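The values are calculated or read from the model by the stated rules, or taken from the named source; none is laboratory data. Predicted model, so just to flag it, every value in this text is computed and none were measured. Cβ placement follows ideal geometry from the backbone for every residue including glycine, while neighbour counts extend to all protein chains displayed. Only protein heavy atoms, including side chains, enter the accessible area calculation; ligands, DNA and RNA are left aside. Shrake-Rupley method; radii C 1.70, N 1.55, O 1.52, S 1.80 Å.
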Amino acid sequence: MNPAHRLAIPLASLTALGLLASDLYLPAIPAMRAELGASITSAQATMAVFMAALALSQLAWGWAADRFGDRRTIVAGTVLLGGGSLLCALAPGIESMLAGRLVQGLGAGAATVAVPALIRRRFDAADGVKALAVVAMVESTIPALGPVAGTAIVLHASWRSTFWLIAVLALLLLPLVARIVGAAPAPRPAAAGSAGGYLPLLRNRLYLRYALSYAAMFGALLMYVASAPELVTHALGLGIEAFAALQIFGVLAFMAGAAVAVRMVKQLGERWLMRSGMLLQYLAGAGLVGMALAGLAGAAGLVCLAVVAALFCGGLGLRGAATMGGALQAAGDSAGKGSGLLMFLSFAAVAGATQLVAPFLHAGLLPVGVLLFALVTASALLLPRR
């Protein structure tokens, strides 16, 4: 097995576990709310608290990865993830549930930062893109399979079982973390000093261009995903099961694009992957705007939206790892902080894009298509030309 695969596949299980803590829980929210006697607002806050903690933790974990090393950072995050899951599993009321979700979100943030930083320190540019693409392929299965598995658990067991499962998996992964990550090189002394904090990265134009390009692309993806249920039910006039089909279709396209990136990065280079991915995403944005102007709905609209999702997600699979890899290469010895700032900017782009389009969703596909096309354009313009 390729060295990039040997390291990336176990590491992907760590980032996937953090994602699973979010997606596995979604079907359990109504049962949790009923048992704890919580309001709908409080129940939804358990997701908002998790995502806020995940986003805000990125900068702290990025600093920790450079200061204390990737192994200690990932172990600490895994312990917090497991501990927060236990708090949720044992929660007697909504207040303790919210506290547990806060701790869970903080813990889940460690792997999303430290795993890319570790890959950057371990491999050269091409093998780093391979490893990042493998991690992304594993992660991409969670949005498709997590809610399905969560539904099966809730149908046959208590909603608390979802949190017990995350806690047990976190405990089982700790020895794997020590074995796999322990072999990786520690940060250099210059990076460990963390002089200047994030200020040097904010002055690093090459890093910022890659990071903001990735953030715009990431924001476009999750803005579309967050808007899709509303688009499917109101703009297309279909049931919510059509959204699930779109998710699976998009995940498969992403995995296909990432598989091409893994196989072809050394032959074609990172620039080819980024440009080809951008072309597919431009076609997706143009296709969504065209759908809106043509007024497509029903089954025909669903088929066209599936093609749009496949183009965008396939493009993301092609260019995502290469764009992230470019940012981490530009960050130099500060790979941990580079990864943390990149993910923080990405979550900020998601929040901004989602809130920007929300007031206009009643107008159907056009606002989403226009914003998607604008974000892809911004991502393309930000990408360094060298």
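Points worth noting:
- Rolling a 1.4 Å probe over the protein chains gives Met343 an accessible area of about 20 Å².
- Cα gyration tensor shape for segment 194-329, rounded if a/c is under 1.5, else prolate or oblate: prolate
- Sorted largest first, extent of segment 1-127 alpha carbons per principal axis (Å): 52, 30, 20
- The length gained on full extension between Thr377 and Leu90, counted as 0.36 nm times the residue separation minus their Cα-Cα distance, comes to 98.6 nm.
- Annotation for segment 229-259 versus segment 327-372: alpha-carbon center distance of 20 Å.
- Separation of the Arg72 and Ala245 label points, Cα + 7 Å toward Cβ, nm: 5.3
- When you filter the trypsin sites (Lys or Arg not before Pro) in segment 1-108 for DSSP loop state and at most 14 other Cβ atoms inside 10 Å of their Cβ, nothing is left.
- Accessible area per residue for segment 231-386, computed on protein heavy atoms with a 1.4 Å probe, is 40 Å².
- Note on Arg275/Ser161: beta-carbon distance plugged into 1/(1 + (r/R0)^6) with R0 of 35 Å gives a FRET efficiency of 0.15.
- Residue-span extension gain [Ala52 to Ala300] - 0.36 nm each, minus C-alpha spacing: 85.5 nm
- The chain - percent of accessible surface contributed by carbon and sulfur, probe 1.4 Å: 71
- Placing dummy labels 7 Å off each Cα toward the beta-carbon, the span from Leu366 to Ala351 is 3.1 nm.
- Solvent-accessible surface ranking, highest first, for Asp333, Asp124, Asp66, Asp23 at 1.4 angstrom: Asp124, Asp333, Asp23, Asp66
- Here the simple spin-label model places points 7 Å from the Cα toward Cβ, and for Arg203 and Ala126 these points are separated by 3.5 nm.
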